[in-house]
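Undergrad: Right, I'll just put the structure down here and ask away after.
The values are calculated or read from the model by the stated rules, or taken from the named source; none is laboratory data. All values reported here derive from a predicted model rather than from experimental measurement. Positions of Cβ are generated from backbone atoms using ideal geometry, with glycine treated the same way; all protein chains shown enter the neighbour counts.
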Amino acid sequence: MLAPLPTPAPAPQGEPSLALPRSFWKDFAKRHWNREPAVFKQPFGNRAPTTGQVYEALLDAGERVRRGEYTMPLRFFIEHEEGPDGLPYYSMLMSLSNHMPRPEDGNVEGYLARLNDILGGKRFGIVFNRLQMYQWTHWQQLSSFLSGLYEFVGVPLGNNESCIFFGNYRYTPFGIHKDNSHAFNLVVEGRKSYSLWPFEMLASREEVPKDPSLIQRPYSLFMKDDAEEKEVLSRAAFIEASAGDVAYWPVSYWHRAEPTQGLHISISVSACSAPPMFTSMAPPHAWPDQLRATDLPGKRSWQVPAQVRSALRQRGQRKALLAAERESTIAWVRYLSAGAVDAAPPEAKEAPLTPTEWIRAHPERPIVCVPLPGKELLVAALGRSSPLPASAPVRRRVEQLVSSLNAGKPLQVEALEQAFFSRLPARAFKREAFRALLDDLVRWRAVQRCPPPGRKSH
């Protein structure tokens, strides 16, 4: 199960990246994808995520919790050693304000010391889902990692995301289970040991539904007592990964993290085989379960992939169904413009653009335009979008604007505005709406401020 060492791919200048070379992904797709678990030793070299980065993410999460912004993606488990059946069990805290890192902790060591006092020495575990939604740096890392996978196995259409596991817990708090996603576990600190079972090995247990589709869906097993747990573990395969390593197992495998010493930190990247979450909010319908990497927005002109368009058209022509088609189209465009990553990255907090400033888009993360019913044009990038009322002349101007930005060259705001409104009827589109669109693109991180050509940034 030990995989060969890849040569890390160079990171794009100025951006954090977990990109791996094509030779790595080609070998991975041939030998491991949806076949068997593996451990890849130090694939990222000195670009691997660090304990400091993870701690900063948890500190930011703690501050958000204390401001009342969210709690759903964050779970805090406390381990209790002796349950009535001889097995440890876990309780989950509902109030997290005092148990997450605080600025006064200073660092990981200070946080762990304070937490040890609060918990009276009990072991704990933090599970922080959808990390990419709150950390721009990690969104870039996740996107660069998945792009290589997509090229060789296709784009799994589901809740592709990343999740922090942080703590000194002995076992995965939710026990032996399987997910609806292929798992890449990036070990950041410490050592991780995983028990693994092929689906068929535990599928015959009494509590497991006899449903062939379960191999692609999540499910957890219940151990009655210590003796049963030991019997199940006797049939497991085990893999170990240290800091900087990546462990992989297919969607079909049951798994659990096993006891190791001290603090251990990992980032789990999920490549999900279930439909995207937003499809559950639309009328029941068949959606594609995978696309090609070339179906995602790229350097060429882009439109919604044929498989998705076909599914959308089958909804019918009644007014209510057309409204549902519009909303589903917007959701699909947002999802695909984010590289099939679940959730857009956090918005940038920047002042409105001024006419004399220069901006540029990232050529590898294009802005897209998609027509909507009712003479609207959807402008989208990195998982966010804005529908614009667009007559034919306005639509052409917006598409020309987006094409100019997608070239990735520095452009002046004032010059873009002049070109957009040249010979355009005064009532066709408001200048305030044009400026708001550019400001949206800055907030979405689709474009960024840059120095004029020939002048270096400081």
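Undergrad: Can you give me the number of residues within segment 76-103 that are free of Cβ contacts under 8 Å to residues at least 40 places away in the same chain and over 18 Å from LEU115 (Cα atoms)?
TA: 4
Undergrad: Just to be sure I understand, how many residues within segment 416-436 are of a type in the set (Lys, Arg), loosely packed, with under 14 Cβ neighbours inside 10 Å and under 13 Å from PRO355 (Cβ atoms)?
TA: First, the residues of segment 416-436 that are of a type in the set (Lys, Arg): 423, 427, 430-431, 435.
Next cut, loosely packed, with under 14 Cβ neighbours inside 10 Å only: 423, 427, 430-431.
Subsequent filtering for residues that are under 13 Å from PRO355 (Cβ atoms) retains 431.
The number of residues fulfilling the criteria is 1.
Undergrad: PRO452 is checked against (1) free of Cβ contacts under 8 Å to residues at least 60 places away in the same chain; (2) more than 22 Å from SER385 (Cα to Cα) and fails just one. What number does that condition carry?
TA: (1)
Undergrad: Just checking, does segment 383-401 include any residue being farther than 22 Å from PRO345 by Cα, in contact (Cβ under 8 Å) with a residue 12 or more places away in the chain, surrounded by 15 or more Cβ atoms within 10 Å (Cβ to Cβ) and among the polar types (S, T, N, Q)?
TA: no
Undergrad: Every residue in segment 353-371 that is crowded, with 18+ Cβ neighbours inside 10 Å and within 18 Å of GLU325 (Cα to Cα), please.
TA: CYS369, VAL370
Undergrad: Turning to a different aspect of this structure: Could you please tell me which pairs satisfy a Cβ distance under 9 Å, a separation of 6+ or placement on different chains, a first residue in segment 324-339 that is free of Cβ contacts under 8 Å to residues at least 60 places away in the same chain and of a type in the set (Lys, Arg), and a second residue that is surrounded by fewer than 19 Cβ atoms within 10 Å (Cβ to Cβ) and assigned to a helix (DSSP H, G or I)?
TA: ARG334/PHE278
Undergrad: Something else now. In this structure, is GLY106 loosely packed, with under 14 Cβ neighbours inside 10 Å, free of Cβ contacts under 8 Å to residues at least 12 places away in the same chain, among the small types (Gly, Ala, Ser) and more than 27 Å from ILE176 (Cα to Cα)? Break it down into steps so the answer makes sense when it comes.
TA: Details: loosely packed, with under 14 Cβ neighbours inside 10 Å: yes; free of Cβ contacts under 8 Å to residues at least 12 places away in the same chain: yes; among the small types (Gly, Ala, Ser): yes; more than 27 Å from ILE176 (Cα to Cα): yes.
Yes.
Undergrad: Then there is this: Of a type outside the set (Asp, Glu), exposed (fewer than 15 other Cβ atoms within 10 Å of the Cβ) and over 22 Å from HIS255 (Cβ atoms) - does that describe any residue in segment 31-42?
TA: Quick first cut of segment 31-42, residues of a type outside the set (Asp, Glu) only: 31-35, 37-42.
Now narrow it down to the ones that are exposed (fewer than 15 other Cβ atoms within 10 Å of the Cβ): 31, 34-35, 41.
Among the residues that remain, those that are also over 22 Å from HIS255 (Cβ atoms) are: none.
Within segment 31-42 (the criterion being of a type outside the set (Asp, Glu), exposed (fewer than 15 other Cβ atoms within 10 Å of the Cβ) and over 22 Å from HIS255 (Cβ atoms)), the answer is no, since none of the residues qualifies.
Undergrad: Still on this structure, I have one more. Just for segment 224-238: of the residues that are in contact (Cβ under 8 Å) with a residue 24 or more places away in the chain and part of a loop (DSSP other than H, G, I, E, B), which one is nearest to ASN180 (Cα to Cα)?
TA: ALA236
Undergrad: Name the strands (runs of 3 or more DSSP E) wholly inside segment 323-410 in which the number of residues that are among the aliphatic types (A, V, I, L, M), out of contact with any helix residue (DSSP H, G or I) (no Cβ under 7 Å at 6 or more places or on another chain) and more than 30 Å from THR279 (Cα to Cα) is 2 or more.
TA: none
Undergrad: Further question on the same structure: Condition test on TYR55, is it aromatic (Phe, Trp, Tyr) and at pLDDT 95 or above? Break it down stepwise before answering.
TA: On the way: aromatic (Phe, Trp, Tyr): yes; at pLDDT 95 or above: yes.
Taking the combined requirement at face value, the residue satisfies it.
Undergrad: Among the residues of segment 25-33, are any under 25 Å from ASP105 (Cα atoms) and in the same structural domain as ASP105 (by TED's automatic domain parsing)? Reasoning before the result, please.
TA: So in segment 25-33, the residues under 25 Å from ASP105 (Cα atoms) come out as none.
Looking through segment 25-33, none of the residues is under 25 Å from ASP105 (Cα atoms) and in the same structural domain as ASP105 (by TED's automatic domain parsing).
Undergrad: In addition: Kindly establish whether ARG256 is of a type in the set (Lys, Arg), surrounded by 15 or more Cβ atoms within 10 Å (Cβ to Cβ) and under 24 Å from the mean Cα position of the chain (by Cα). Before you say what the answer is, go through the steps one by one.
TA: Numbers: of a type in the set (Lys, Arg): yes; surrounded by 15 or more Cβ atoms within 10 Å (Cβ to Cβ): yes; under 24 Å from the mean Cα position of the chain (by Cα): yes.
Yes; evaluated as a whole, the condition is true for this residue.
Undergrad: Only residues in segment 206-222 that are under 14 Å from ASP179 (Cα atoms) count as the first member; pair them with residues that are surrounded by 10 or more Cβ atoms within 10 Å (Cβ to Cβ) and among the polar types (S, T, N, Q), Cβ under 7 angstrom, at least 6 apart or cross-chain, and list the lot.
TA: ILE215/SER252; GLN216/ASN180; GLN216/SER273; ARG217/ASN180; PRO218/ASN180
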